[in-house]
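Quick notes on the structure that follows.
The numbers here are math on the coordinates, done by the rules we state, and not lab data. Model, not experiment: these values are computed from the prediction. Here the Cβ positions follow ideal geometry from the backbone for every residue, glycine too, while neighbour counts run over all protein chains shown.
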C-alpha cells in the first residue's frame, strides 16, 4: 500500500498561480487546502512617483503563492491542477508553476541586505548585529530595520543625515516631524543636539523609534510623541520657534502642506531640512519655503531624491 | 517619510501562527525585511483570533522597512466555518457541500464590509452569496 510520500526535511515546493483579482479568493482558498500554513497574494501594483508616493493595486492578474513540503509528486500536481481547473472562475487561470525551494534561515537571511554605512564625514549607521568600534569624532547610530521607515537605506534618509551633520552643533535643539524609525532624531543626539522632539502620526512608528533611541542611549535627550504640527501638536507650549533645526522627511505633498507650520517652528537663525521629494517637486517646495519666510535655500540630490535646507533670519525684518 | 513602495504582499495565514517558514519566509525574505519583527507583531495582534485565517496586507518600502494592516478573514473561510464543512466543492454544479442561513450570510457580509467595495450590507451579501455559490455552499 502506498501512502503519501514522506516529506523531505528542509525542501519545499512553491506553487504559483496567476489569477484575475476577482478570482484570487477562490484560488487562494483552493491552494490553502494543500498548504495549511497559508498563502501569499502578490497583487499587481503601480508605484510611480506621485506626490504621495502611494501605491495602487491594479485590476491585473495577481500571483497566488503557496508552499508545500517536498516532494509534490506528479499525481498530486495533477490533482491540484484539476481542482483549480474546476473552480468556477471568472477568467482563465495562468499556468501553474512549481519551484523547488531549499529551506533557508529565513529569520536571519534578510540581514544580508544591511551593511554598515558611512554617511557624510563622521556618521556611521550600523546594523545592531554588526560590531563597530567608533573612531574619534564619529557618531554611530545602531539600527535594526523594522516596522518604521528610516533604515538608513533610502537616499532621503541619507540626505537628511548629511544635512544634520552640517548643521547640528553642540547644544542645538531639533524637531523631527515624521520620525519613523527615529534615525534622524538619534543621529542628531549623536551629533551633539541638546534636545530633540520627534513626532509621528503613526503610534507604531513612535514605539519603534522609542526602542531604537533606548538602544542607542539617546532616549534621555529625545522626547517622542504621536502627532504632527498643526492641530495634532501634542505638547502644551505652541511649536512657534521651538527648534533651531526642524527636519522633515515625508513626501512632496506632506512637506508642501506642512510648510507654513514647519517654517514657523524654526527658531530665528535656525534652519529647516526637508526631504522626501524628487527633482520635479523641488522648485515648488523651495518656493513654498520662501513664501513661508525661509531664505537661502540650498538643494542637494542623491539619485532621484532631493533635500532642501532653508534658513530663518536671525532677526525678522 | 518618503514612503516609496517596493512591493505589496498579502499573507493569508492562521492567526497567531506566523513563523519564518513558507509562505512568510519565501514571500518576505527576498525583500530583505525583518521577518521576526513581522511574525512577532502579527502573532501579537492576532492572538485572540486563534483558529481563523487573518490576512495581513504588508507594504514594503524602498528602504526595506515595512508596515502591515490586518484584514477580515477570507469569505470562503467564514462561509466554511458557518456551514460546518471542511472544504469547498470542487465543482459547484455537481455538488452541494453544505449550507448557511440568510442570517449567517448577513453576519459574514457585515464582518467583511470594511474590505469590500461597498458600504451597503445588502450589496455585500450578494457578493458573499456569489462566493458561497461558487464554493458549493447553498444559502437557505
**OP:** Whole Å is fine, so just give me how far the alpha carbon centre of segment A:134-187 lies from that of segment A:12-34.
**Re:** 42 Å
Subject >> Label-point separation in nm, residue B:139 to residue A:214, each point 7 Å along Cα→Cβ >> reply: 5.0 nm
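For the residues A:236, B:102, what sequence is obtained by ranking on other C-beta atoms within 10 Å, fewest first? Walk me through the numbers before you get to the answer.
Details: A:236 5, B:102 11.
So the ranking, lowest neighbour count to highest, is A:236, B:102.
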Original post:
What's the center-to-center distance, using Cα atoms, between segment A:205-233 and segment A:248-289 in Å?
Top reply: 21 Å
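Ratio of alpha-carbon Rg to the 2.2 N^0.38 Å globular estimate for the protein assembly as shown, to two decimals, please.
Values: Rg = 25.5 Å, N = 457, 2.2 N^0.38 = 22.6 Å.
Relative to the 2.2 N^0.38 Å estimate, the protein assembly as shown comes out at 1.13.
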Original post:
Which value in nm describes the separation of the simple spin-label points at residue A:195 and residue A:314, placed 7 Å from the Cα toward the beta carbon?
Top reply: 2.4 nm
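Once every DSSP H run of n ≥ 4 in the protein assembly as shown is given -39500 (n - 2.57) and the sum is divided by its residues, what mean residue ellipticity at 222 nm do you get, rounded to the nearest 500 deg cm²/dmol? Please report the intermediate quantities before stating the final value.
On the way: 13 runs with 136 residues, N = 457.
Mean residue ellipticity at 222 nm (helix-derived): -9000 deg cm²/dmol.
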**OP:** Treating the angle as unsigned and between 0 and 90°, give the value, to the nearest 10°, between the Cα long axis of helix A:24-34 and the longest Cα principal axis of chain A.
**Re:** 60 degrees
Original post:
Which semi-axis lengths, in whole Å and largest first, follow from the square roots of five times the eigenvalues of the Cα gyration tensor of segment B:55-140?
Top reply: 28, 16, 10
Subject >> Most mobile of B:14, B:74, B:23 in a GNM of chain B (Cα contacts under 10 Å) >> reply: B:23
**OP:** For residue B:115 paired with residue A:236, estimate the spin-label separation in nm (one decimal), with each label point 7 Å from Cα along the Cα-to-Cβ line.
**Re:** 4.5 nm
Original post:
Can you give the angle from 0 to 90° between the axis of helix A:74-85 and the longest principal axis of chain A, with both taken from C-alpha atoms, to the nearest 10?
Top reply: 70 degrees
Original post:
Where does each of A:306, A:129 land when they are ranked from fewest to most other beta-carbon atoms within 10 angstrom?
Top reply: A:129, A:306
Original post:
In what sequence do A:79, A:158 fall when counting other Cβ within 10 Å, fewest first?
Top reply: A:79, A:158
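Go ahead and run the numbers for FRET between residue B:123 and residue A:166, Cβ-Cβ distance against an R0 of 41 Å, rounding to 0.05. Intermediate results must be reported in sequence, preceding the final value.
Values: r = 57 Å, r/R0 = 1.38.
Result of the calculation: an efficiency of 0.15.
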Subject >> Degrees, to the nearest 10: B:102-112 long Cα axis against longest axis of chain B >> reply: 10 degrees
